[in-house]
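J.: Sharing a structure with you now.
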């Protein structure tokens, strides 16, 4: 998990409607070093070409890391590009990090893949909630603009 808040830059944007939105940028000048402990059967690639490989990271309990966390930059936005079943309880998955372009391919157990699926569902819900808030703010601004145009007699029947 990307928990080092020193590498995040927060910027508050005020929308024309008066609402404020926080935008978070990640500072990649000093990313945390990846842990390359040897656990499981998964392989990782540190570059988009797939030339380098490393084993997945592990937490102190010995469990395989969360697949949505990039092994290279610790960004929490890694997502699957491709997956195929590798037996009854394993999946071969290709993951991509949009922050550093690292790709990782490996065979992962069903429980690990289910945790990734849960995280993707949670992140999708967060994105949809953010989209709803931005859409609402934009619609309020459009309505206010239209009301001002109506009050100023700037809207005529031929506009429709």
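J.: Residues that are within 16 Å of the chain's Cα centre (by Cα) and more than 29 Å from residue 21 (Cα to Cα): list the strands (runs of 3 or more DSSP E) wholly contained in the range 61-160 that include at least 2 such residues.
T.: 90-96, 103-109
J.: Another question about this same structure. Taking the options 101, 76, 105, name whichever one is surrounded by fewer than 16 Cβ atoms within 10 Å (Cβ to Cβ) and modelled with pLDDT of 90 or more.
T.: Among 101, 76, 105, only 101 is surrounded by fewer than 16 Cβ atoms within 10 Å (Cβ to Cβ) and modelled with pLDDT of 90 or more.
J.: If you check 131, 120, which single one turns out to be under 29 Å from residue 67 (Cα atoms), touching a strand residue (DSSP E or B) at 6+ places or on another chain (Cβ under 9 Å) and either modelled with pLDDT of 90 or more or surrounded by fewer than 11 Cβ atoms within 10 Å (Cβ to Cβ) (or both)?
T.: Working: 131 fails: touching a strand residue (DSSP E or B) at 6+ places or on another chain (Cβ under 9 Å).
When all the criteria are applied, what remains is 120.
The values are calculated or read from the model by the stated rules, or taken from the named source; none is laboratory data. Note that this is a predicted model, so its numbers are computed, not measured. Quick reminder, even Gly has a Cβ in these numbers, built from the backbone with ideal geometry, and neighbours come from all protein chains shown.
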